[in-house]
1. Can you give the FRET efficiency to the nearest 0.05 for Glu167 and Lys32, using r as the Cβ-Cβ distance and R₀ = 22 Å?
2. Lys/Arg Cβ at +1, Asp/Glu Cβ at -1, dipole of segment 93-210 taken about the Cα centre: which of Asn174, Gln164, Ala190 is farthest positive-ward?
3. First select every other residue whose beta carbon is under 13 angstrom from the beta carbon of Leu196; then total the charges, Lys and Arg +1, Asp and Glu -1.
4. Taking H as built 1.01 Å from N, whose amide H comes closer than 5 Å to the amide H of Ile49, not counting residues under 5 places away?
5. Restricting attention to segment 1-84, which GluC sites (Glu not before Pro) occupy a DSSP loop and are surrounded by at most 14 other Cβ atoms within 10 Å?
6. Using a probe radius of 1.4 Å on heavy atoms only, what accessible surface per residue do you get for the chain? Whole Å² is fine.
7. Would you calculate the volume per residue, in Å³, of the smallest convex hull containing every Cα atom of segment 1-53?
8. Which is the longest part of the chain that has none of the trypsin sites (Lys or Arg not before Pro) sitting in a DSSP loop with at most 15 other Cβ atoms within 10 Å?
Amino acid sequence: IHIIFDIVCPWCYIGKRRLEMALSMRPQIRVKLNWRPFLLNPEMPPEGIDRTAYLVKKFGSKSRINRIYGTIGEAGQSVEIDFAFERIGKTPNSLDSHRLVRFADKQGLSDEAVEVLFVEFFLNGRDIGNTGVLVEIGGALGLDEGNLEAYLKSNEEVRLIHDQNAEAHRLGINGVPAFAFNDKFVISGAQEPQVLARMLDAALATENVA
């Protein structure tokens, strides 16, 4: 399953939870999760911008922002995520957090890295665009902090992240999360677990035919 996502997208965190619920409904199906980057804000400056200013520019009025995030908060509660949006001071550039996931993947820790990044950003309000924060997160996962810091300070795999983001757009994916099952079925949005479970069934059926 390719999961096309952005760390700064709350619906992606909800989608991750719902996928986990779908997988628990189909314990007999073995899957490999591949986390593929999507940049919701490709023009975001490296240091990020004030979150309130960003949201007002994106959604207009504060009342509209409150409505939208109230809905997201309720959806989060349904999958046991206690979003703490008030702790988020700035909307970060998510490029380096995607690179951390790539780095962790080489150690077989991409799933864990994605979860910790979501927790640190949406629950603890940490700046996941900051190299020091990302190195600390990587260290907590058991990654070599020195190697990770050198990697993040280099340009390694920056082009790859941009290329994969462009590839997602070419596939017609304009919003995240999106899930691609066996490169055959693509579904966008934080779908309900039952819908994702049916997609798992369909992907398994085509695999068996092959």
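1. It comes to 0.70.
2. Asn174
3. Within the 13 Å Cβ shell, the charges total +2.
4. Here Thr91 satisfy the definition.
5. Glu43, Glu47, Glu80
6. Here the per-residue accessible area is 50 Å².
7. On the way: hull volume 4.2 nm³, N = 53.
Roughly 79 Å³ of hull volume per residue.
8. Details: sites that count: Arg30, Lys32, Lys106, Lys184.
Formally, the longest exposed-site-free interval is 107-183.
The values are calculated or read from the model by the stated rules, or taken from the named source; none is laboratory data. Keep in mind it's a predicted model, so treat the numbers as computed, not measured. Don't worry about glycine lacking a Cβ; one is built from the backbone with ideal geometry, like all the others, and counts go over all protein chains shown. For the accessible areas, the whole protein counts, side chains as well, though only heavy atoms, and no ligand, DNA or RNA atoms are used. Shrake-Rupley method; radii C 1.70, N 1.55, O 1.52, S 1.80 Å.
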